[in-house]
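Single-structure report; data block below.
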There are 2 protein chains.
Amino acid sequence: MSRFLLKISYDGTNYHGWQVQPNGITIQQVLCEKLSVLTKENVGVTGCSRTDAGVHANEFFCHFDVHHELPVSAFIKGLNAILPDDIAVLNCLQVSNDFHARYTAKGKQYIYKFYDGDIPNPFLKRYTLTVPKKINDELVSEFCKKMIGRYDFCGFSSSKRTVEDTVRTITACEIERQGDVVCFKITADGFLYNMVRIIAGTALDVSNGKICNDDIINIINSKQRDRAGATLPAHALYLNKVFY
Amino acid sequence: MSRFLLKISYDGTNYHGWQVQPNGITIQQVLCEKLSVLTKENVGVTGCSRTDAGVHANEFFCHFDVHHELPVSAFIKGLNAILPDDIAVLNCLQVSNDFHARYTAKGKQYIYKFYDGDIPNPFLKRYTLTVPKKINDELVSEFCKKMIGRYDFCGFSSSKRTVEDTVRTITACEIERQGDVVCFKITADGFLYNMVRIIAGTALDVSNGKICNDDIINIINSKQRDRAGATLPAHALYLNKVFY
């Protein structure tokens with residue numbers, strides 16, 4: 001058996017997330033099908049994370065094992081020729097058999113995109129969260145600085161989480177404005193279920209004056225879900241980088 | 001009766017073009033429905049052009065008549081509150097009763113977007129035409145210069161056209177590269193059916209060396225459809241500006 005690592009990118013709009021599930025088509029399912037067509041083997045694919053329905057990926061990694069090797073260029077070109085337009089293979093590498101797309105990952109970076117233009121933009125509505133009030137860049141930048149560190153983010157995750165250890169280290173957090181689009185960028189050694197969407201919701205509350213930056217550490221330490229902001233919609237969330 | 005002019009923008013992906021038709025949902029139909037909801041009148045809307053199924057508009061104008069006036073801000077806010085995410089009202093003006101969105105228009109500008117990156121981009125596939133070979137900016141720029149002028153563009157239009165006069169004046173034509181996206185921008189006093197998509201197809205043939213720039217004037221003057229390039233797909237075409 002040989003193990004390969006795929007670097008892919010996808011527009012998640014039309015998918016029920018990464019993980020195969022009974023109620024809708026998923027990225028994992030499409031990739032498995034196309035890899036099986038290409039290799040004439042029954043191929044399973046293991047992803048670096050389970051992105052939710054509607055979440056996008058500028059960069060996502062997954063590994064698979066095959067009996068009959070193909071050159072990596074054949075995987076790249078072959079898959080891109082048969083994958084739907086909203087999934088693309090960016091690269092492919094042969095890796096050692098103990099490499100694991102999920103467990104080997106040392107960290108991840110997500111981006112949450114806000115649109116705060118005065119004029120609605122129909123081309124961005126699908127890919128950003130349109131907010132009615134201008135984002136206060138200064139307040140949100142200050143919020144970002146407060147989020148960096150090692151904390152128990154129990155209050156910043158959905159009760160549906162399956163892990164017990166809820167301590168994570170946020171290593172970088174910042175905003176970047178590109179015209180009327182504000183990219184909220186956050187890097188950590190790992191994220192809990194819905195964590196980025198809740199942190200982005202808290203950033204929005206800070207921007208709107210609903211939550212004060214001086215209370216952030218108390219809110220984290222309270223571990224109470226209801227003290228943090230709302231879980232923002234999935235369609236404006238992007239897995240941006242995975243670190244190995 | 002009072003006449004209003006709407007400036008709108010739309011992502012045409014999910015629509016069968018502007019004009020109401022029996023087989024699918026159109027922008028005109030959605031706007032008429034929403035305006036009728038807002039005004040409680042039966043409102044008809046006249047557009048500045050009939051964009052084809054899948055074509056987008058950064059800027060599109062249409063006029064309508066109502067018995068009971070609303071302030072223009074109420075049309076803008078009211079429509080944006082009830083329109084689907086892929087159609088947006090950018091502005092609204094009251095105009096004289098002899099103003100006509102189509103007949104008063106003095107010219108239009110379209111953009112055709114090519115993507116020629118080495119790595120497929122799933123976020124741009126829906127909005128650009130992915131081409132396998134790098135666009136030759138120099139050859140296409142030279143082609144653009146040759147297209148400017150007053151010609152009979154009979155050979156650069158679909159045989160389905162309904163007009164008799166096929167002479168049009170192209171006043172500007174240029175390309176603008178933004179990374180791996182090449183915007184082919186063309187302005188004229190009017191365009192024949194499929195004219196931009198055929199000119200863009202000819203530009204692509206020039207880029208690929210299939211058509212020589214020295215032959216362009218002969219190809220135009222031949223008035224033969226089969227000497228020009230293919231009609232490129234609609235999803236990469238944008239109505240960009242309308243001049244009154």
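Quick notes on this one:
- Copies compared at B:Gly117 - label distances in nm, ascending, label defined 7 Å from Cα in the Cβ direction: 2.0
- Separation of region B:24-102 from region B:198-225 is 37 Å, based on Cα centroids.
- For region A:1-41, heavy-atom accessible area (probe 1.4 Å) falls by no less than 20 Å² from the chain alone to the full protein assembly at A:Ser9, A:Asp11.
- Axis-nearest residue of A (beta carbon) for the A-onto-B rotation, whole Å: A:Arg126, 5
- 7 Å along Cα→Cβ, label-point gaps from A:Pro71 to other copies, nm, shortest first: 6.8
- Rough spin-label spacing in nm, given labels placed 7 Å along Cα→Cβ, for A:Asn23 and B:Ile82: 3.1 nm
- DSSP-defined antiparallel bridges as percent of all bridges, region A:1-157, nearest 5: 90 percent
- Rel. contact order, % - alpha carbon contacts under 8 angstrom, at least six apart, chain A: 24 percent
- Listed residues B:Ala57, B:Leu79, B:Leu129: farthest to the positive end of the dipole of region B:1-136 (Cβ charges): B:Leu129
- Backbone N within region A:181-205 under 15 Å of label point (7 Å from A:Arg227 Cα along the Cβ vector): A:202
- Kirkwood hydrodynamic radius over Cα pairs of region A:107-243, then Stokes diffusion coefficient at 20 °C and 1.002 mPa s, in µm²/s: 144 µm²/s
- Sparse packing (at most 14 other Cβ atoms within 10 Å of the Cβ) combined with a DSSP loop state is found for the following trypsin sites (Lys or Arg not before Pro) in region A:159-218: A:Lys160, A:Arg161, A:Lys210.
- Restricting region B:99-205 to GluC sites (Glu not before Pro) in coil, as DSSP defines it, with at most 12 other Cβ within 10 Å: B:Glu164
- For chain B, calculated [θ]222 nm from helices alone, where every DSSP H run of n ≥ 4 adds -39500 (n - 2.57): -7000 deg cm²/dmol
- Ranking A:Tyr193, A:Val181, A:Thr171 by how far each Cα lies toward the positive end of the dipole of region A:107-243 (charges on Cβ) leaves A:Tyr193 at the top.
- Using θ = phi - 60° in the Karplus curve 6.51 cos²θ - 1.76 cosθ + 1.60, the 3J(HN,Hα) couplings for region B:48-56 round to 7, 6, 9, 6, 6, 3, x, 6, 9 Hz; x is entered for Gly and Pro.
- Sorted from closest to farthest, the other copies place their B:Ile82 label points 4.9 nm away, with each point set 7 Å from Cα along Cα→Cβ.
- Number of partner chain Cβ atoms within 10 Å, mean per residue of A:82-90: 4
- Crossing angle, helix A:195-207 versus chain A [Cα axis fit, 0-90 degrees, rounded to tens]: 30 degrees
- Bridge type composition, the protein assembly as shown - antiparallel percent by DSSP, nearest 5: 90 percent
- Against chain A, whose longest principal axis comes from its Cα atoms, helix A:72-82 is set at around 80 degrees.
- HN-Hα J in Hz across region A:22-32 - Karplus 6.51, -1.76, 1.60, θ = phi - 60°, x for Gly and Pro: x, 8, x, 6, 10, 4, 4, 4, 5, 4, 4
- The HN-Hα couplings worked out from phi for region B:164-178 by the Karplus form 6.51 cos²θ - 1.76 cosθ + 1.60 (θ = phi - 60°) are 9, 7, 10, 8, 9, 10, 8, 9, 8, 7, 7, 10, 9, 8, 10 Hz, whole numbers, x standing for Gly and Pro.
- A Förster radius of 30 Å combined with the Cβ-Cβ distance from A:Gln178 to A:Ile217 puts the calculated FRET efficiency at roughly 0.50.
- Helix A:137-147 vs. chain A, principal-axis angle (Cα, 0 to 90°, nearest 10): 70 degrees
- Along its first, second and third principal axes, ordered by size, region A:15-96 spans 32, 26, 24 Å in Cα coordinates.
- For the protein assembly as shown, diffusion coefficient by Stokes-Einstein and Kirkwood Rh (Cα), 37 °C, 0.692 mPa s, µm²/s: 129 µm²/s
The values are calculated or read from the model by the stated rules, or taken from the named source; none is laboratory data. Because the structure is predicted, anything quoted here is derived from the model rather than measured. Here Cβ is always computed from backbone atoms with ideal geometry, including for glycine, and neighbour counts include all displayed protein chains. The protein model used for the area step is the full one, side chains on, heavy atoms only, and it has no ligands, DNA or RNA in it. Shrake-Rupley method; radii C 1.70, N 1.55, O 1.52, S 1.80 Å.
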